[in-house]
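Some notes on the structure that comes next.
The values are calculated or read from the model by the stated rules, or taken from the named source; none is laboratory data. Everything numeric in this text was worked out from a predicted model, so none of it was measured. So basically every Cβ, Gly included, is an ideal-geometry build from the backbone, and we count neighbours across all protein chains shown. These accessible areas exclude ligands, DNA and RNA; they are computed on the full protein's heavy atoms, side chains included. Shrake-Rupley method; radii C 1.70, N 1.55, O 1.52, S 1.80 Å.
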Amino acid sequence: MTEYQHDIFFTGLIHPQAGSWHIDRPVVIQESGRLIEVYFRDSAFNVRVNFTDGHQLGHDEEQDGTWLNPIWYEVEAVVRAVIDSLGFVIAASLEIEMTTGRADGSAIVGGLMALPAFARVENGRVEPQLFGRYLAAVQGNANVRHALADMRMALRLTTDTAFYCYRAIECIRHEFVDPEDGAKPAPSWARMHAALGTTQSEMEPLTRLATARRHGESLPLAHGDRLTWLRWTRSVVGRYIEDYLPSAK
């Protein structure tokens, strides 16, 4: 099989930009058969990914650019590790935002401000009645607020998607706690599953991934599995807010 050499480039910003964050020399990391070079200067970053595989990019793939997403999801963990190292030693809370990606000198994609594949609506338009349900749900309801915040983190932190997806479901589970349960979580889980049409066995793979991360271990999560759990969790949280809460009826 013919092997092809690829050069992938990502650029983006480091927030808060006012800090003019930089490192004096590039950081070079070898991971999963890929050479990753990370550059920081004036609160901007550049990443070069070099690797060899048996796939030659076609014109449609280059124009579409969506095939870059799985590569960015993997590379992002490395970039975040570098920025977290910098932030830790200088006591700064830093975030990254990927803005463009370029494949083999031809494919250019912009950073996605929203992810339509996971959206609860089409065309980015939220009807007032639907949005009103969410506004009503978050008022005075810490569990729902935490669930929505966890989904934000699940979309942002690709390596921790499973952890935050599970925690979002845990937040919703607390909505089904009865004081008579005491410290036993099983009854509230059973009520949640019955109300929202989920099952414990259905959640088992997510539970395993999240529990490992919670205890400091990191289990691999394939790109396709990440998308599956994001969609599933957002569907469950959305179902609770849109269909189950009294304010939704």
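About the Cα centre of the range 129-249, what is the dipole size in debye to 20, counting +1 per Lys and Arg Cβ and -1 per Asp and Glu Cβ, all else neutral?
Value, rounded to 20: 360 debye.
Could you tell me the relative contact order of the chain? Use alpha-carbon pairs under 8 Å, at least six residues apart, and round to a whole percent.
On the way: 323 pairs, mean separation 41.1, N = 249.
Computed value for the chain: 17 percent relative contact order.
Which percent of the accessible area of the chain is formed by carbon and sulfur heavy atoms (probe 1.4 angstrom)?
On the way: 7360 of 14080 Å².
About 52 percent, which is the carbon plus sulfur part of the accessible surface.
If you take every residue apart from Arg213 with its C-beta less than 12 Å away from the C-beta of Arg213, what net charge results, scoring Lys and Arg +1 and Asp and Glu -1?
Surrounding charge for Arg213 is +1.
Can you give me the Cα centroid spacing of the range 204-221 and the range 144-182 in angstrom?
The distance from the Cα centre of the range 204-221 to that of the range 144-182 comes to 14 Å.
Determine, from the Cβ-Cβ distance of Phe131 and Glu180 and an R0 of 30 Å, the FRET efficiency 1/(1 + (r/R0)^6), rounded to the nearest 0.05.
Details: r = 35 Å, r/R0 = 1.18.
With a Förster radius of 30 Å, E is 0.25.
With r as the distance between the Cβ atoms of Ser20 and Glu204 and R0 = 41 Å, compute the FRET efficiency 1/(1 + (r/R0)^6) and round to 0.05.
Values: r = 47 Å, r/R0 = 1.14.
Between Glu204 and Ser20 the formula returns 0.30.
Which residue fluctuates the most in the chain, going by a Gaussian network model with Cα springs under 10 Å, if the choices are Glu175, Glu95, Glu122?
Among Glu175, Glu95, Glu122, the largest mean-square fluctuation in the Gaussian network model of the chain belongs to Glu122.
How would Arg173, Arg41 rank on accessible area, largest to smallest, probe 1.4 Å?
On the way: Arg173 30, Arg41 170 Å².
My answer, sorted largest first, is Arg41, Arg173.
Ordering Thr11, Thr198 from largest to smallest accessible area (1.4 angstrom probe), what's the sequence? List each step's numbers first, then the result.
Working: Thr11 40, Thr198 10 Å².
The ordering from most to least exposed comes out as Thr11, Thr198.
Please give the net charge around Asp225, taking every other residue with its beta carbon less than 12 angstrom from that of Asp225, where Lys and Arg add +1 and Asp and Glu add -1.
Details: positive: Arg208, Arg226, Arg231; negative: none.
Every neighbour counted, the sum reads +3.
Relative to the longest principal Cα axis of the chain, at what angle does helix 142-156 sit, 0 to 90 degrees, rounded to 10?
Roughly 20 degrees, rounded to the nearest 10.
Can you sort Val47, Val177, Val138 by solvent-accessible area, 1.4 Å probe, largest first?
Working: Val47 5, Val177 65, Val138 40 Å².
Reading off the accessible areas and sorting them downward yields Val177, Val138, Val47.
Only helical DSSP H runs with n ≥ 4 go in: add -39500 (n - 2.57) per run for the chain, normalise by residue count and round the 222 nm mean residue ellipticity to 500 deg cm²/dmol.
Working: 8 runs with 111 residues, N = 249.
Using -39500 (n - 2.57) per qualifying helix, the result is -14500 deg cm²/dmol.
At 1.4 Å probe radius, can you tell me the per residue accessible area of the chain in Å²? List each step's numbers first, then the result.
Working: 14080 Å² over 249 residues.
Accessible surface, normalised per residue, equals 57 Å².
Once you have the Cα-Cα distance between Gln5 and Phe51, take 0.36 nm times their residue separation minus that, and quote the gain in nm to one decimal. Intermediate values should be presented prior to the final figure.
On the way: separation 46, 0.36 × 46 = 16.56 nm, distance 0.60 nm.
Value of the extension gain: 16.0 nm.
At a threshold of 8 angstrom on Cα-Cα distance, excluding pairs fewer than six apart, so keeping six or more, what relative contact order does the range 141-231 reach in percent? Could you put the intermediate results ahead of the total?
Details: 77 pairs, mean separation 27.1, N = 91.
In percent, rounded to a whole number, it is 30.
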